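Q: Below you'll find the structure I mean.
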Amino acid sequence: MAALNYQERGAQALPTRCHGAFLSPALLLAVRINSKGREVLYLAKGDSVKLGCPYVLEPEDNGPQGVGIEWIQITPERTGPENVFLSYHDHHVNYGSGSGLQDRVAFVQNDPGQHDASIRLADLQVSDTGTYQCRVKKNTVAVHEVIVTVQEKPATPQCWTEGELIEGSSILLRCYSRGGASPLAYQWAKLADGYGGGRLPHGTIQGRAPGDLLIRSLSEVHAGVYQCRVTNRVGYAVCQINLGLSPSKQAGIIVGSILGSLLLLSLLGLLIWALICRYRRKECQRTCSDCRSSTGGTMTRACNVCAHHSYSPHGISYMQCQHGDGDERAAALMCNDGIRHQVACPAL
């Protein structure tokens, strides 16, 4: 940056008192600060910054006196004398009072008298906003200014959707940050496999609010992870939302109909099975009754074992009978082609 000196500042290039002496305008070009014009910085609250002020001494500055350095903070709220918050003279560093910077500021070099008066300001606060002026003095004076604006980064935004996530419908992706210095800018992007920002698919348009994204005719191409990025002059913050589709209403109706039909068929099958079991139980009881009649009433447990011991190979039904003394005998009823054949249980 071009040197800022008193000749360049026009009306300010007047004789200036330095260390008790008046300096002529011809000598004001001697001390030269190697910075590029007036700097304007936008910085985030909590960050650290280096305010540069390297300088060069010209031959006119030869002499026994040492270099003097002053850093001055100029704010709209401050009135009265200039606030020198940091200075250097005769190899001594002095911290001013009343600025709130004493614990957060320091020269970058251990000896700023070696052609570098730059400082580092840590843990920036919004109240640090102002104009910072570096003055390097010897026989002459050079000045460099840095305008610092400290702002808050955007607060972490919230992301959510409004509308049904059904194929063919329209939904609204919303994003909002509750903190941060204005102006805030919102930008949506569809992530490619979860990494990096990508282009938005076809059918997406900006909504009415700055953080809104409208998706029309929702389809599989719109499914994926979307990222909202909120930015201002000093930083950014992001939030993400995973957009997954649900089956369409028509598909849901078809699936529901199929499941209902399967359930109805299952119930019908259970009913038929129950009727068959009931019929077999009655048939078994009737057969047991016939078996008792054929054995003279001495069979006592036939009906209890009927269901477990009867079988029907080749259309013939067999049953076991049991006499009163507990000794089982091979008594059977044989049914073939509707003809009942009785075989009496053997006598004891």
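The values are calculated or read from the model by the stated rules, or taken from the named source; none is laboratory data. Everything quoted here is computed from the prediction, not taken from an experiment. Counting neighbours? That spans all protein chains shown, and the Cβs are built from the backbone with ideal geometry, glycine included. We work out accessible area using only protein heavy atoms, side chains counted, and drop any ligands, DNA or RNA first. Shrake-Rupley method; radii C 1.70, N 1.55, O 1.52, S 1.80 Å.
Q: Region 92-138: D in µm²/s via Stokes-Einstein (Kirkwood Rh, Cα pairs, 37 °C, 0.692 mPa s)?
A: Details: Rh = 12.1 Å.
It comes out at roughly 272 µm²/s.
Q: Scan region 72-180 for chymotrypsin sites (Phe, Trp or Tyr not before Pro) in coil per DSSP, keeping those whose Cβ has at most 10 other Cβ atoms within 10 Å, and list them by number.
A: When the chymotrypsin sites (Phe, Trp or Tyr not before Pro) of region 72-180 are filtered for loop state and at most 10 Cβ neighbours within 10 Å, nothing remains.
Q: What residues have an amide H closer than 5 Å to that of VAL225, excluding those fewer than 5 places away on the same chain, when H is modeled at 1.01 Å from N in the peptide plane?
A: Long-range HN contacts for VAL225: LEU191, GLY194, LEU243.
Q: Sticking with this structure for a sec: So if R0 is 25 Å, what FRET efficiency would HIS89 and TYR236 give, r being the distance between their Cβ atoms, rounded to the nearest 0.05?
A: The computed FRET efficiency comes out at 0.05.
Q: For region 59-171, with only Lys/Arg (+1) and Asp/Glu (-1) charged at the beta-carbon, what is the dipole magnitude about the Cα centre, in debye rounded to 20?
A: Using only the charged Cβ atoms, the result is roughly 460 debye.
Q: Test of understanding: what is the full-extension gain from ILE258 to ILE166, defined as 0.36 nm times their sequence separation minus their Cα-Cα distance?
A: Result for the pair: 31.1 nm of gain on full extension.
Q: In addition: Counting only protein heavy atoms and a 1.4 Å probe, tell me what percentage of region 31-182's accessible area is made up of carbon and sulfur. Could you put the intermediate results ahead of the total?
A: Numbers: 3400 of 7480 Å².
Here it works out to 45 percent.
Q: A further question follows. What ranking do 139-145, 38-44 get when scored by the average of other Cβ atoms within 10 Å per residue, highest first?
A: Top of the packing list down: 139-145, 38-44.
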